[in-house]
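Q: First the structure, then my questions, so here it is.
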Amino acid sequence: MNGARFVSIALLFLVSACVAFGPVGNRDVPEPVRSVDIKRYLGLWYEIGRYENGFERGCEGVTAEYSLGGNGEVRVLNTCHLGSPSGPSRSSEGSAKFVRGSNNAKFKVSFFGPLYVGDYWVLDRASDYSWSLVGEPSGRYLWLLSRDNSPAALTKLTRRAAELGYDISLIRPTKQ
């Protein structure tokens, strides 16, 4: 077996393990509440809280930036700072495609090329696009995103997550 093939298979097993063994914070994930106007969703978001996951372990100062890409895709640039908001940064770039019939509230996102495609559901959002609650169908992942990183936004989004059936004891605030 050549090295590249071995690495690809190992990465696939690693990603599968992360998905299969994380705690489930919501066994009855709701469908997205509102449609998404992608032009209003674009731009910079601060992750103010999340369910801890393997690919973000040790990350603080996390941001997600969305921009229009080619062929109707959305370009995704996630950046985290290791250990603290001022720690060294690392970024990962991906692309997202809309799921047909979802009112632009569901995407298929890929950060590893065609090897792994994940679900990204905008479960709810503010009417002015000042906050967004993002999850996926397994209930193992949840992100609280805001255009600002205020304590009031964290409180509001945590409350909304509880209303949607999420175990808020699993939410890890992100230091900004």
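Q: Round to the nearest 0.05 the FRET efficiency obtained for A126 and V24 when R0 = 35 Å and r is the Cβ-Cβ distance.
A: The computed FRET efficiency comes out at 0.85.
Q: Arrange the following residues from fewest to most other Cβ atoms within 10 Å of their Cβ: I171, I38, I48. Present the calculation step by step, with values, prior to reporting the outcome.
A: On the way: I171 22, I38 15, I48 26.
So the ranking, lowest neighbour count to highest, is I38, I171, I48.
Q: If you don't mind, there's one more thing I want to ask. Put a dot 7 Å past each Cα toward the Cβ at S86 and S35; how far apart are the dots in nm?
A: Between S35 and S86, the label points sit 4.6 nm apart.
Q: Let me ask another. When a footprinting reagent is the concern and you count Cβ atoms within 10 Å, what order do V62, V99 take, fewest first?
A: Ranking V62, V99 by Cβ neighbours within 10 Å, fewest first, gives V99, V62.
Q: Suppose every K and R has +1 on its Cβ and every D and E has -1 on its Cβ; what is the size of the dipole of the chain about the Cα centre, in Debye to the nearest 20?
A: Working: 21 positive and 17 negative charges, 31 e Å.
In debye, rounded to 20, the chain gives about 140.
Q: Could you compute the longest span of the chain free of trypsin sites (Lys or Arg not before Pro) located in DSSP loops and having at most 10 other Cβ atoms within 10 Å, not counting the site residues?
A: No qualifying site falls inside 101-176, the longest such stretch.
Q: Could you line up T155, T63 from fewest to most neighbouring Cβ atoms inside 10 Å?
A: T155, T63
Q: For the range 3-173, what does the alpha-carbon gyration tensor say about shape, rounded, prolate or oblate, given a ≥ b ≥ c as the root eigenvalues, a/c under 1.5 as rounded, and a/b over b/c as prolate?
A: Rounded.
Q: What FRET efficiency would be calculated for the residue pair K97, L164, taking the C-beta separation as r and a Förster radius of 30 Å, to the nearest 0.05?
A: Between K97 and L164 the formula returns 0.75.
Q: Related question: Helix 151-163 versus the longest principal axis of the chain: what is the Cα-based angle in degrees, 0 to 90, to the nearest 10?
A: The helix 151-163 is inclined about 80 degrees to the chain.
Laboratory data are not the source of any read-out in this text; all were calculated from the coordinates shown. Values in this document were obtained by computation on a predicted structure and should not be read as measured data. FYI the Cβ positions are ideal-geometry reconstructions off the backbone, even for glycines, and counts take in every protein chain you see.
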